[in-house]
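Heads up: the structure comes next, in structure tokens.
The values are calculated or read from the model by the stated rules, or taken from the named source; none is laboratory data. In this text, all values refer to a predicted model and were calculated from it rather than measured experimentally. Because the Cβ atoms are built from the backbone with ideal geometry, glycine has one as well, and the counts that use them run over all protein chains shown.
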Amino acid sequence: MNHPWKWRVLSDAQVAQIRDAALTHIERHGFSVKHEPLLARARARGARVDETQGQVRMSRTLVAELMAQVPPQYTIGNILGETWVIGGAEQYGTAIVTDPWIIDYGTGRPRRPCLEDLRRNTIVAEQLEPVVSISRMDYPVTDVPGRESSLRALEVHLLHHTRHYQVMAADLASFDQWLGIAQVLSRDGDIRRLITSAVAAGSPLVLNELNAELLARSVAQGFAIVPTVCPMAGSTAPYSLAGTLLQSHIEVLMIALLAQVLRPGHPVEYVSGLSVTDLRSGADLYYTLDKILWKNAAVQLGLAENMPVGAECGGTLTHRCDPQAGAEGMMFMLAAHASGAHRIAGFGSCHNAVGMSAEMMVIQQAYLRAARHIARGIRTEEPRLGTASLERVGPGGQFLDDELTLDLMRSDEFFQDDVFDLSGGQGNGKPLLERAHGRVEQLVGGYRSRVPEDIQEGLRRHFADLYRRIVSS
């Protein structure tokens, strides 16, 4: 990452302590795998397997051997032939384009997604730096009834999508559907770099039959794995910051270890999404300020494992664009950027991780620019140190036409972003949300899809066939 410092919430001794505790648990107690073929592969690789209980234990030596096979970086690509290295020197982003709730700009209230949301949000995500991949929740849209609803949403999304595809298959049918789509998207038949596959762990410490099969199929296809690990302190994880972090670490290792059992050297990214249970209401609080500590600590643990590491870029507990949301969003983004994560995910997310908006994508991009500026620090080399300027101007002078002012006035020396109101209290500045909406309209207006015409035509034929099958079934 291109910033000179990294913020750390764990000492080196604490990182070592958590890693040691994870190894002890895996060796003595293990984790549960509800998938007979994967259990057999784990046993053949040297794990101690209790088939009756579906319990897998691995010695520290075996864990070390398998984790040494996880590559420290991997390459993703898109339909235009562009590639990005995850785990290298650059920090990239992943955006979402739909959730159960869309925060409507006009009303300021959550509503269910419609087809136009998929189009607009995909177009915005396509043009945001540093976004190189996009994920989509499989959720029906309100203006298309019946069984076609989710398919119509997916088709509109794909017709405007040229980034990398981060697939979050909820079942095997969805995974197979994506395999069919990938064949349409790929001109040479090589789909490995087009898709990253999310594989969920059940908390605490379970890989159920469905997710184990998704892992096996994803590895067989050559798709890099992004674990979906979401322990909730107090309900599905110990009710402490450290206890939930330890469980999360074991669950990520569980998926990474099993991926290596299936195929040595298969890429797995270190990602976790920890949250806390509100013991007063039973609600899952996904974006509390404790998340700042967790996401930073998780990045430290992932880097200690020499894995590519992802972190959530932001988010808010509420749907409102108010001071609380601003404080949460900016602190989350600074924590994600300064952690040193290779990939920051979730551009657009808010409303306790079940809502999003195009405006929030643009706002979070502005937060990232602010975070970069802060993390960069103050540059003190000449002429920025200003010694020559002070000598030229002297006591009682002014610097409006000084050489340094003229040299740097259009540079990145001071923070600038069109989404922030930088009018300095002059009374004519528009609010941040209004500015973000204007930016969204600018990105969407007159946009022409970059998806090549032959791939667009292939997608239309593919989905037309799917719609005919629905009608005839």
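Quick notes
- Scanning the stretch 355-379 for residues that are under 17 Å from Thr318 (Cα atoms) and surrounded by fewer than 24 Cβ atoms within 10 Å (Cβ to Cβ) yields a single hit, Gly355.
- Candidates Ser411, Ser389: the one that is part of a helix (DSSP H, G or I), surrounded by fewer than 20 Cβ atoms within 10 Å (Cβ to Cβ) and modelled with pLDDT of 95 or more is Ser389.
- Filtering Asp284, Asp278 for residues that are in contact with an Asp or Glu (Cβ under 8 Å, 6 or more places away or on another chain) and without any contact (Cβ under 8 Å) to a residue 24 or more places away in the chain leaves a single hit, Asp278.
- Residue within the stretch 186-196 that is part of a strand (DSSP E or B), assigned by TED's automatic domain parsing to the domain that holds Gly77 and free of Cβ contacts under 8 Å to residues at least 40 places away in the same chain present: yes
- Checked against the criterion of being at positive phi, surrounded by 15 or more Cβ atoms within 10 Å (Cβ to Cβ) and small (Gly, Ala, Ser), the candidates Gly93, Gly81, Gly54, Gly108 yield just one match: Gly54.
- Verdict on Val199 being part of a strand (DSSP E or B) and closer than 28 Å to Gln73 by Cβ: yes
- Filtered by the rule that a residue be surrounded by 13 or more Cβ atoms within 10 Å (Cβ to Cβ) and either at positive phi or free of Cβ contacts under 8 Å to residues at least 60 places away in the same chain (or both), the stretch 442-453 gives a lone residue, Gln442.
- Test: Met137 is in contact (Cβ under 8 Å) with a residue 12 or more places away in the chain, buried (at least 16 other Cβ atoms within 10 Å of the Cβ) and over 23 Å from the mean Cα position of the chain (by Cα): no
- Taking the listed residues Ala64, Ala47, Ala89, the one that is closer than 17 Å to Val268 by Cα and either out of contact with any strand residue (DSSP E or B) (no Cβ under 9 Å at 6 or more places or on another chain) or not basic (Lys, Arg) (or both) is Ala64, with no other qualifying.
- Condition met for Phe463 (outside the structural domain of Glu82 (by TED's automatic domain parsing), closer than 30 Å to Ala341 by Cβ, in contact (Cβ under 8 Å) with a residue 24 or more places away in the chain and surrounded by 15 or more Cβ atoms within 10 Å (Cβ to Cβ)): no
- Failed condition for Tyr165, given (1) assigned to a loop (DSSP other than H, G, I, E, B); (2) of a type outside the set (Gly, Ala, Ser); (3) within 22 Å of Gly458 (Cα to Cα); (4) at pLDDT 95 or above: (1)
- With respect to the stated conditions, Leu179 is in a helix (DSSP H, G or I), surrounded by fewer than 17 Cβ atoms within 10 Å (Cβ to Cβ) and at pLDDT 95 or above.
- Hey, Ser174 in contact with a strand residue (DSSP E or B) (Cβ under 9 Å, 6 or more places away or on another chain), over 20 Å from Gln456 (Cβ atoms) and either free of Cβ contacts under 8 Å to residues at least 40 places away in the same chain or among the acidic types (Asp, Glu) (or both) or not: yes
- In the stretch 59-118, the qualifying residues are those that are aliphatic (A, V, I, L, M) and farther than 30 Å from Ala256 by Cα, and the one that is farthest from the chain's Cα centre (by Cα) is Leu115.
- Hey, Tyr287 aromatic (Phe, Trp, Tyr) and touching a strand residue (DSSP E or B) at 6+ places or on another chain (Cβ under 7 Å) or not: no
- Consider the stretch 30-51 and keep the residues that are among the aliphatic types (A, V, I, L, M) and touching a residue at least 40 places away in the same chain (Cβ under 8 Å). The one that is surrounded by the most Cβ atoms within 10 Å (Cβ to Cβ) is Val33.
- Those residues of the stretch 442-473 which are outside any helix (DSSP H, G or I) and of a type in the set (S, T, N, Q), in sequence order: Ser449, Ser473
- The strands (runs of 3 or more DSSP E) falling completely within the stretch 73-124 include none with 1 or more residues that are out of contact with any Leu (no Cβ under 7 Å at 6 or more places or on another chain), over 21 Å from Ala311 (Cα atoms) and not assigned by TED's automatic domain parsing to the domain that holds Gly315.
- Residue within the stretch 314-323 that is surrounded by fewer than 20 Cβ atoms within 10 Å (Cβ to Cβ) and in contact with a Pro (Cβ under 6 Å, 6 or more places away or on another chain) present: no
- The lone criterion from (1) crowded, with 20+ Cβ neighbours inside 10 Å; (2) over 24 Å from Val85 (Cα atoms) left unmet by Thr277 is number (1).
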